[in-house]
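In what follows, a structure is listed as C-alpha coordinates, so that the remarks can point back to it.
The values are calculated or read from the model by the stated rules, or taken from the named source; none is laboratory data. Please read all numbers here as calculations on a predicted model, not as lab measurements. All Cβ positions, glycine included, derive from the backbone under ideal geometry; neighbour counts span all protein chains shown.
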Amino acid sequence: MKVLADTRTLVDEGVISSAQAEEIQRRARDEMVSFVINIVLFSGIIAVIGGTAAFLDDPREFCLLGAVVTAGAAVFLLRGPQVLTLLVNAGAVIGSVMFIGGGMAWIAPDLSDAAALVLPGAVIAGLSLAGWVKGPRGLRFLMGWLAFLGLCLHLLGLVGAEAPIAPLWLLYYYAAGMLIAAGIVLDVRLLTVLSLIPLATALSSQTFYVTATYGVVIRESTLTILQMAVVVAGCLWAGANLSERYQRHTRVLGQLSFVWMNIAFWIGSLWGDTVGEGLWRPRRSDVPADATDPEAAYRAMLDAFNANATKISADAFSLAWAVLLAAAAVWAASRGRRKVFNIAVTFGTIHLYTQYFERFHASPGTFIIGGLLAIALAWGVWMANRWLKEKQPPGTDG
(Lines give C-alpha, C1' and ligand atoms only; values in the text may rest on other atoms or scores of the structure.)
Protein backbone atom coordinates (compact mmCIF):
# COMPACT_ATOMS: atom_id res chain seq x y z
CA MET A 1 0.00 0.00 0.00
CA LYS A 2 1.31 3.46 -0.89
CA VAL A 3 1.65 5.54 2.28
CA LEU A 4 1.67 9.31 2.72
CA ALA A 5 3.72 10.54 5.67
CA ASP A 6 5.06 13.87 6.91
CA THR A 7 8.74 12.95 7.18
CA ARG A 8 9.64 16.23 8.90
CA THR A 9 7.17 15.50 11.71
CA LEU A 10 8.40 11.92 11.96
CA VAL A 11 11.98 13.15 12.34
CA ASP A 12 10.94 15.72 14.97
CA GLU A 13 9.12 13.00 16.92
CA GLY A 14 12.11 10.67 16.73
CA VAL A 15 10.27 8.01 14.74
CA ILE A 16 12.83 8.01 11.92
CA SER A 17 16.27 9.51 11.45
CA SER A 18 17.18 12.37 9.10
CA ALA A 19 18.96 9.92 6.79
CA GLN A 20 15.87 7.74 6.60
CA ALA A 21 13.71 10.79 5.87
CA GLU A 22 16.01 11.82 3.03
CA GLU A 23 15.87 8.30 1.57
CA ILE A 24 12.06 8.30 1.72
CA GLN A 25 11.93 11.72 0.04
CA ARG A 26 14.37 10.61 -2.65
CA ARG A 27 12.31 7.54 -3.44
CA ALA A 28 9.12 9.61 -3.49
CA ARG A 29 10.70 12.01 -6.00
CA ASP A 30 11.90 9.09 -8.14
CA GLU A 31 8.41 7.61 -8.18
CA MET A 32 6.81 10.94 -9.10
CA VAL A 33 9.28 11.42 -11.95
CA SER A 34 8.64 7.84 -13.12
CA PHE A 35 4.89 8.48 -13.03
CA VAL A 36 5.25 11.63 -15.14
CA ILE A 37 7.52 9.84 -17.61
CA ASN A 38 4.98 7.03 -18.01
CA ILE A 39 2.15 9.50 -18.65
CA VAL A 40 4.15 11.37 -21.30
CA LEU A 41 5.35 8.10 -22.84
CA PHE A 42 1.83 6.68 -23.00
CA SER A 43 0.52 9.88 -24.58
CA GLY A 44 3.28 9.78 -27.17
CA ILE A 45 2.58 6.14 -28.01
CA ILE A 46 -1.13 6.83 -28.49
CA ALA A 47 -0.37 9.87 -30.67
CA VAL A 48 2.04 7.94 -32.90
CA ILE A 49 -0.37 5.02 -33.35
CA GLY A 50 -3.31 7.31 -34.06
CA GLY A 51 -1.36 9.50 -36.48
CA THR A 52 0.01 6.51 -38.36
CA ALA A 53 -3.45 4.97 -38.61
CA ALA A 54 -4.81 8.21 -40.07
CA PHE A 55 -1.90 8.45 -42.51
CA LEU A 56 -2.07 4.82 -43.66
CA ASP A 57 -5.71 4.07 -44.44
CA ASP A 58 -4.86 0.59 -45.77
CA PRO A 59 -4.98 -1.98 -42.91
CA ARG A 60 -2.56 -4.26 -44.75
CA GLU A 61 0.10 -1.55 -44.90
CA PHE A 62 -0.60 -0.68 -41.26
CA CYS A 63 -0.21 -4.33 -40.22
CA LEU A 64 2.96 -4.96 -42.23
CA LEU A 65 4.60 -1.77 -40.99
CA GLY A 66 3.74 -2.79 -37.45
CA ALA A 67 5.30 -6.22 -37.99
CA VAL A 68 8.51 -4.64 -39.28
CA VAL A 69 8.70 -2.20 -36.35
CA THR A 70 8.02 -5.00 -33.85
CA ALA A 71 10.69 -7.26 -35.38
CA GLY A 72 13.21 -4.41 -35.43
CA ALA A 73 12.47 -3.59 -31.80
CA ALA A 74 12.94 -7.26 -30.84
CA VAL A 75 16.36 -7.39 -32.53
CA PHE A 76 17.42 -4.14 -30.90
CA LEU A 77 16.26 -5.35 -27.46
CA LEU A 78 18.54 -8.36 -27.85
CA ARG A 79 21.61 -6.58 -29.22
CA GLY A 80 21.25 -2.84 -28.60
CA PRO A 81 22.59 -0.77 -25.70
CA GLN A 82 20.57 -0.97 -22.49
CA VAL A 83 20.33 2.80 -22.17
CA LEU A 84 17.86 2.83 -25.09
CA THR A 85 15.63 0.07 -23.68
CA LEU A 86 12.84 2.50 -22.72
CA LEU A 87 12.66 3.98 -26.23
CA VAL A 88 12.85 0.56 -27.90
CA ASN A 89 10.11 -0.85 -25.68
CA ALA A 90 7.95 2.13 -26.64
CA GLY A 91 8.61 1.31 -30.29
CA ALA A 92 7.78 -2.34 -29.62
CA VAL A 93 4.43 -1.34 -28.10
CA ILE A 94 3.66 0.89 -31.09
CA GLY A 95 4.66 -1.78 -33.60
CA SER A 96 2.77 -4.61 -31.91
CA VAL A 97 -0.43 -2.56 -31.62
CA MET A 98 -0.15 -1.66 -35.30
CA PHE A 99 0.54 -5.29 -36.21
CA ILE A 100 -2.39 -6.70 -34.19
CA GLY A 101 -4.79 -3.83 -34.91
CA GLY A 102 -4.01 -3.75 -38.61
CA GLY A 103 -4.25 -7.52 -38.82
CA MET A 104 -7.64 -7.41 -37.14
CA ALA A 105 -8.94 -4.82 -39.63
CA TRP A 106 -7.41 -6.83 -42.48
CA ILE A 107 -8.85 -10.22 -41.50
CA ALA A 108 -12.20 -8.98 -40.17
CA PRO A 109 -13.07 -5.60 -41.68
CA ASP A 110 -16.60 -6.02 -40.33
CA LEU A 111 -17.56 -7.19 -36.84
CA SER A 112 -19.69 -9.91 -38.40
CA ASP A 113 -16.42 -11.51 -39.53
CA ALA A 114 -15.02 -11.55 -35.99
CA ALA A 115 -14.98 -15.36 -35.85
CA ALA A 116 -11.96 -15.26 -38.17
CA LEU A 117 -9.95 -13.68 -35.34
CA VAL A 118 -10.33 -16.58 -32.90
CA LEU A 119 -7.57 -18.82 -34.24
CA PRO A 120 -4.97 -16.12 -35.13
CA GLY A 121 -5.45 -14.56 -31.70
CA ALA A 122 -4.96 -17.90 -29.95
CA VAL A 123 -1.81 -18.63 -31.99
CA ILE A 124 -0.28 -15.21 -31.27
CA ALA A 125 -1.12 -15.47 -27.56
CA GLY A 126 0.23 -19.02 -27.28
CA LEU A 127 3.49 -18.37 -29.12
CA SER A 128 4.08 -15.11 -27.26
CA LEU A 129 3.44 -16.76 -23.91
CA ALA A 130 5.91 -19.50 -24.80
CA GLY A 131 8.43 -16.79 -25.69
CA TRP A 132 7.73 -15.06 -22.39
CA VAL A 133 8.42 -18.27 -20.47
CA LYS A 134 11.29 -19.73 -22.48
CA GLY A 135 12.69 -16.83 -24.48
CA PRO A 136 15.44 -14.33 -23.71
CA ARG A 137 14.89 -12.14 -20.68
CA GLY A 138 15.27 -8.98 -22.77
CA LEU A 139 12.13 -9.85 -24.73
CA ARG A 140 9.89 -10.64 -21.74
CA PHE A 141 8.10 -7.28 -21.86
CA LEU A 142 7.45 -7.52 -25.60
CA MET A 143 6.36 -11.16 -25.40
CA GLY A 144 4.02 -10.41 -22.49
CA TRP A 145 2.48 -7.48 -24.34
CA LEU A 146 1.99 -9.57 -27.50
CA ALA A 147 0.43 -12.35 -25.42
CA PHE A 148 -2.08 -9.84 -24.03
CA LEU A 149 -2.91 -8.42 -27.46
CA GLY A 150 -3.28 -11.90 -28.93
CA LEU A 151 -5.61 -12.89 -26.10
CA CYS A 152 -7.71 -9.77 -26.71
CA LEU A 153 -7.91 -10.68 -30.41
CA HIS A 154 -8.95 -14.24 -29.53
CA LEU A 155 -11.64 -13.15 -27.06
CA LEU A 156 -12.98 -10.44 -29.37
CA GLY A 157 -13.42 -13.05 -32.07
CA LEU A 158 -15.35 -15.29 -29.69
CA VAL A 159 -17.78 -12.78 -28.21
CA GLY A 160 -18.10 -10.56 -31.29
CA ALA A 161 -18.90 -13.25 -33.84
CA GLU A 162 -22.25 -12.97 -35.60
CA ALA A 163 -22.93 -16.64 -34.87
CA PRO A 164 -21.18 -17.47 -31.55
CA ILE A 165 -19.90 -21.03 -31.14
CA ALA A 166 -21.47 -21.20 -27.65
CA PRO A 167 -23.96 -19.22 -25.54
CA LEU A 168 -22.67 -15.71 -24.98
CA TRP A 169 -22.82 -15.97 -21.19
CA LEU A 170 -20.55 -19.02 -21.36
CA LEU A 171 -18.11 -17.21 -23.64
CA TYR A 172 -17.97 -14.27 -21.24
CA TYR A 173 -17.11 -16.61 -18.38
CA TYR A 174 -14.43 -18.17 -20.56
CA ALA A 175 -13.05 -14.69 -21.29
CA ALA A 176 -12.97 -13.88 -17.57
CA GLY A 177 -11.13 -17.11 -16.80
CA MET A 178 -8.57 -16.46 -19.52
CA LEU A 179 -7.91 -12.92 -18.29
CA ILE A 180 -7.45 -14.14 -14.72
CA ALA A 181 -5.09 -16.87 -15.92
CA ALA A 182 -3.11 -14.40 -18.05
CA GLY A 183 -2.91 -11.92 -15.19
CA ILE A 184 -1.57 -14.54 -12.79
CA VAL A 185 0.89 -16.08 -15.25
CA LEU A 186 2.26 -12.71 -16.39
CA ASP A 187 1.87 -11.33 -12.85
CA VAL A 188 0.00 -8.25 -14.08
CA ARG A 189 -2.84 -7.36 -11.74
CA LEU A 190 -4.48 -5.09 -14.32
CA LEU A 191 -5.28 -8.16 -16.43
CA THR A 192 -6.78 -9.89 -13.41
CA VAL A 193 -8.96 -6.85 -12.71
CA LEU A 194 -10.12 -6.70 -16.35
CA SER A 195 -11.81 -10.07 -15.82
CA LEU A 196 -14.58 -8.23 -13.96
CA ILE A 197 -15.79 -6.76 -17.26
CA PRO A 198 -16.78 -10.09 -18.88
CA LEU A 199 -17.91 -11.44 -15.49
CA ALA A 200 -20.38 -8.58 -15.15
CA THR A 201 -21.36 -8.67 -18.83
CA ALA A 202 -22.24 -12.35 -18.56
CA LEU A 203 -25.23 -11.32 -16.44
CA SER A 204 -26.29 -8.44 -18.73
CA SER A 205 -24.51 -5.67 -16.81
CA GLN A 206 -23.31 -2.69 -18.79
CA THR A 207 -22.27 0.96 -18.54
CA PHE A 208 -23.23 3.81 -20.84
CA TYR A 209 -22.59 7.47 -21.59
CA VAL A 210 -25.21 9.89 -22.91
CA THR A 211 -24.65 13.66 -23.12
CA ALA A 212 -22.40 14.18 -20.10
CA THR A 213 -24.25 11.49 -18.16
CA TYR A 214 -22.56 8.27 -17.08
CA GLY A 215 -24.69 5.32 -16.04
CA VAL A 216 -24.51 1.69 -14.99
CA VAL A 217 -27.11 -0.97 -15.73
CA ILE A 218 -27.39 -4.23 -13.78
CA ARG A 219 -30.46 -6.11 -14.97
CA GLU A 220 -29.81 -9.10 -12.72
CA SER A 221 -29.11 -7.69 -9.27
CA THR A 222 -29.70 -10.95 -7.39
CA LEU A 223 -27.64 -13.11 -9.71
CA THR A 224 -24.87 -10.50 -9.85
CA ILE A 225 -24.71 -10.41 -6.04
CA LEU A 226 -24.50 -14.21 -5.88
CA GLN A 227 -21.89 -14.28 -8.64
CA MET A 228 -19.67 -11.70 -6.98
CA ALA A 229 -20.13 -13.38 -3.60
CA VAL A 230 -18.72 -16.57 -5.10
CA VAL A 231 -15.74 -14.62 -6.50
CA VAL A 232 -15.13 -12.89 -3.16
CA ALA A 233 -15.34 -16.21 -1.30
CA GLY A 234 -12.92 -17.80 -3.76
CA CYS A 235 -10.49 -14.91 -3.35
CA LEU A 236 -10.67 -15.17 0.44
CA TRP A 237 -9.95 -18.88 0.29
CA ALA A 238 -7.09 -18.41 -2.18
CA GLY A 239 -5.67 -15.55 -0.13
CA ALA A 240 -5.54 -17.77 2.94
CA ASN A 241 -3.99 -20.78 1.20
CA LEU A 242 -1.73 -19.47 -1.57
CA SER A 243 1.58 -17.65 -1.66
CA GLU A 244 1.98 -13.86 -1.67
CA ARG A 245 2.44 -13.83 -5.46
CA TYR A 246 -1.13 -15.07 -5.90
CA GLN A 247 -2.51 -13.13 -2.96
CA ARG A 248 -1.67 -9.88 -4.76
CA HIS A 249 -4.16 -10.89 -7.43
CA THR A 250 -6.82 -12.32 -5.13
CA ARG A 251 -6.84 -9.19 -2.98
CA VAL A 252 -7.48 -6.74 -5.81
CA LEU A 253 -9.98 -9.04 -7.55
CA GLY A 254 -11.85 -9.71 -4.32
CA GLN A 255 -11.98 -6.04 -3.35
CA LEU A 256 -13.32 -4.89 -6.72
CA SER A 257 -15.80 -7.79 -6.82
CA PHE A 258 -17.04 -6.58 -3.45
CA VAL A 259 -17.45 -3.10 -4.94
CA TRP A 260 -19.52 -4.46 -7.84
CA MET A 261 -21.60 -6.55 -5.41
CA ASN A 262 -22.44 -3.36 -3.52
CA ILE A 263 -23.44 -1.60 -6.73
CA ALA A 264 -25.82 -4.49 -7.47
CA PHE A 265 -27.27 -4.15 -3.96
CA TRP A 266 -27.65 -0.42 -4.53
CA ILE A 267 -29.68 -0.94 -7.70
CA GLY A 268 -31.74 -3.70 -6.11
CA SER A 269 -32.51 -1.50 -3.10
CA LEU A 270 -34.06 1.07 -5.43
CA TRP A 271 -36.07 -1.07 -7.83
CA GLY A 272 -36.09 -4.61 -6.51
CA ASP A 273 -35.46 -7.51 -8.88
CA THR A 274 -37.29 -10.11 -10.91
CA VAL A 275 -34.72 -12.90 -11.00
CA GLY A 276 -33.84 -13.94 -14.54
CA GLU A 277 -35.82 -11.19 -16.25
CA GLY A 278 -32.86 -9.82 -18.15
CA LEU A 279 -31.67 -13.28 -19.21
CA TRP A 280 -34.70 -15.50 -19.69
CA ARG A 281 -37.67 -13.21 -20.21
CA PRO A 282 -39.50 -14.11 -23.44
CA ARG A 283 -38.59 -12.04 -26.48
CA ARG A 284 -40.83 -11.16 -29.39
CA SER A 285 -38.62 -13.35 -31.55
CA ASP A 286 -39.76 -16.32 -29.42
CA VAL A 287 -43.34 -15.96 -30.63
CA PRO A 288 -44.19 -18.75 -33.10
CA ALA A 289 -44.24 -17.56 -36.68
CA ASP A 290 -47.67 -19.13 -37.27
CA ALA A 291 -49.33 -17.35 -34.32
CA THR A 292 -52.64 -15.78 -35.35
CA ASP A 293 -52.20 -12.86 -32.92
CA PRO A 294 -48.46 -12.37 -32.25
CA GLU A 295 -49.01 -9.56 -29.75
CA ALA A 296 -51.47 -11.59 -27.68
CA ALA A 297 -49.17 -14.62 -27.82
CA TYR A 298 -46.24 -12.50 -26.62
CA ARG A 299 -48.29 -11.05 -23.76
CA ALA A 300 -49.33 -14.55 -22.73
CA MET A 301 -45.70 -15.67 -22.67
CA LEU A 302 -44.75 -12.63 -20.53
CA ASP A 303 -47.61 -13.30 -18.11
CA ALA A 304 -46.55 -16.93 -17.76
CA PHE A 305 -42.97 -15.90 -17.08
CA ASN A 306 -43.91 -13.28 -14.50
CA ALA A 307 -46.27 -15.69 -12.76
CA ASN A 308 -43.45 -18.16 -12.12
CA ALA A 309 -40.53 -15.76 -11.66
CA THR A 310 -38.99 -15.04 -8.26
CA LYS A 311 -39.42 -11.41 -7.24
CA ILE A 312 -37.37 -9.71 -4.53
CA SER A 313 -38.56 -6.38 -3.17
CA ALA A 314 -36.47 -3.25 -2.80
CA ASP A 315 -37.02 -3.38 0.98
CA ALA A 316 -35.53 -6.88 1.14
CA PHE A 317 -32.45 -5.66 -0.74
CA SER A 318 -32.12 -2.66 1.57
CA LEU A 319 -32.24 -4.81 4.70
CA ALA A 320 -29.87 -7.47 3.37
CA TRP A 321 -27.46 -4.79 2.16
CA ALA A 322 -27.38 -3.11 5.56
CA VAL A 323 -26.68 -6.44 7.28
CA LEU A 324 -23.92 -7.27 4.77
CA LEU A 325 -22.23 -3.89 5.15
CA ALA A 326 -22.30 -4.08 8.94
CA ALA A 327 -20.92 -7.63 8.92
CA ALA A 328 -18.22 -6.72 6.38
CA ALA A 329 -17.15 -3.66 8.38
CA VAL A 330 -16.90 -5.65 11.62
CA TRP A 331 -15.03 -8.48 9.89
CA ALA A 332 -12.62 -6.09 8.17
CA ALA A 333 -11.99 -4.16 11.38
CA SER A 334 -11.30 -7.31 13.39
CA ARG A 335 -8.76 -8.52 10.82
CA GLY A 336 -7.09 -5.26 9.90
CA ARG A 337 -8.44 -5.18 6.32
CA ARG A 338 -8.52 -1.43 5.88
CA LYS A 339 -9.45 -1.42 2.20
CA VAL A 340 -12.45 -3.68 2.74
CA PHE A 341 -13.41 -1.56 5.73
CA ASN A 342 -13.23 1.61 3.63
CA ILE A 343 -15.38 0.03 0.91
CA ALA A 344 -17.98 -1.02 3.48
CA VAL A 345 -18.04 2.45 5.05
CA THR A 346 -18.27 4.18 1.66
CA PHE A 347 -21.23 2.11 0.52
CA GLY A 348 -22.74 2.31 3.99
CA THR A 349 -22.84 6.08 3.56
CA ILE A 350 -24.32 5.72 0.07
CA HIS A 351 -26.90 3.26 1.41
CA LEU A 352 -27.87 5.57 4.28
CA TYR A 353 -28.36 8.63 2.10
CA THR A 354 -30.02 6.76 -0.76
CA GLN A 355 -32.62 5.06 1.41
CA TYR A 356 -33.15 8.11 3.59
CA PHE A 357 -34.01 10.45 0.76
CA GLU A 358 -35.68 7.73 -1.35
CA ARG A 359 -38.15 6.96 1.40
CA PHE A 360 -38.48 10.29 3.22
CA HIS A 361 -37.75 12.62 0.29
CA ALA A 362 -35.94 15.94 0.47
CA SER A 363 -37.18 18.69 2.79
CA PRO A 364 -35.53 21.17 5.19
CA GLY A 365 -36.11 18.72 8.02
CA THR A 366 -34.61 15.77 6.20
CA PHE A 367 -31.54 17.79 5.27
CA ILE A 368 -30.99 18.70 8.92
CA ILE A 369 -31.44 15.11 10.04
CA GLY A 370 -29.27 13.88 7.20
CA GLY A 371 -26.53 16.33 8.16
CA LEU A 372 -26.64 15.22 11.78
CA LEU A 373 -26.45 11.60 10.67
CA ALA A 374 -23.43 12.43 8.50
CA ILE A 375 -21.66 14.06 11.46
CA ALA A 376 -22.43 11.04 13.66
CA LEU A 377 -21.26 8.70 10.90
CA ALA A 378 -18.02 10.66 10.45
CA TRP A 379 -17.34 10.40 14.18
CA GLY A 380 -18.09 6.69 14.15
CA VAL A 381 -15.77 6.10 11.21
CA TRP A 382 -13.04 8.15 12.91
CA MET A 383 -13.32 6.07 16.06
CA ALA A 384 -13.44 2.80 14.13
CA ASN A 385 -10.45 3.80 12.03
CA ARG A 386 -8.44 4.54 15.17
CA TRP A 387 -9.33 1.13 16.55
CA LEU A 388 -8.56 -0.50 13.20
CA LYS A 389 -5.17 1.21 13.08
CA GLU A 390 -4.28 -0.35 16.43
CA LYS A 391 -5.54 -3.78 15.34
CA GLN A 392 -3.86 -3.85 11.91
CA PRO A 393 -0.82 -6.16 11.85
CA PRO A 394 2.40 -4.57 10.53
CA GLY A 395 2.94 -4.99 6.79
CA THR A 396 -0.69 -5.71 5.80
CA ASP A 397 -2.55 -3.65 3.23
CA GLY A 398 -6.16 -4.92 3.63
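In region 317-330, what residues are closer than 14 Å to Trp387 by Cβ and either modelled with pLDDT of 85 or more or charged (D, E, K, R) (or both)?
Once the filter is applied, which keeps residues that are closer than 14 Å to Trp387 by Cβ and either modelled with pLDDT of 85 or more or charged (D, E, K, R) (or both), region 317-330 yields only Ala329.
Ile46 meets the conditions (1) β-branched (Val, Ile, Thr); (2) farther than 30 Å from Arg338 by Cβ; (3) touching a residue at least 12 places away in the same chain (Cβ under 8 Å) in every case but one. The failed one is (3). Filtered by the rule that a residue be part of a helix (DSSP H, G or I) and more than 28 Å from Arg248 (Cβ to Cβ), region 1-32 gives Arg8, Thr9, Val11, Asp12, Ser18, Ala19, Ala21, Glu22. The listed residues are Leu117, Leu84, and the only one of them that is at pLDDT below 95, in a helix (DSSP H, G or I) and crowded, with 22+ Cβ neighbours inside 10 Å turns out to be Leu117.
Residue by residue, here is whether (1) closer than 23 Å to Met104 by Cα; (2) under 15 Å from the mean Cα position of the chain (by Cα) holds:
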residue	(1), (2)
Leu158	yes, no
Ala161	yes, no
Leu194	yes, yes
Ser205	no, yes
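Applying the set (1) surrounded by fewer than 18 Cβ atoms within 10 Å (Cβ to Cβ); (2) within 26 Å of Thr250 (Cα to Cα); (3) not aromatic (Phe, Trp, Tyr) to Ala147 leaves exactly one unmet item: (1).
Looking at (1) in contact with a Lys or Arg (Cβ under 7 Å, 6 or more places away or on another chain); (2) surrounded by 16 or more Cβ atoms within 10 Å (Cβ to Cβ); (3) modelled with pLDDT under 90, which is the only condition Val252 fails? Single failed check for Val252: (3).
How many residues are β-branched (Val, Ile, Thr) and exposed (fewer than 13 other Cβ atoms within 10 Å of the Cβ) if we restrict to region 207-249?
The total comes to 6.
When Leu155, Leu170 are screened for being hydrophobic (A, V, I, L, M, F, W, C) and crowded, with 21+ Cβ neighbours inside 10 Å, only Leu155 passes.
I'd like to check something: does region 41-55 contain any residue that is surrounded by 15 or more Cβ atoms within 10 Å (Cβ to Cβ), among the aliphatic types (A, V, I, L, M) and over 22 Å from Met143 (Cβ atoms)? Checked region 41-55: at least one residue is surrounded by 15 or more Cβ atoms within 10 Å (Cβ to Cβ), among the aliphatic types (A, V, I, L, M) and over 22 Å from Met143 (Cβ atoms). Looking across region 356-369 at every residue that is at pLDDT below 70 and not β-branched (Val, Ile, Thr), the one that is farthest from Val330 (Cα to Cα) is identified as Ser363. Taking first residues from region 260-288 that are polar (S, T, N, Q) and partners that are in a strand (DSSP E or B), the Cβ contacts under 7 Å between residues at least 6 apart in sequence or on separate chains come to Thr274/Lys311.
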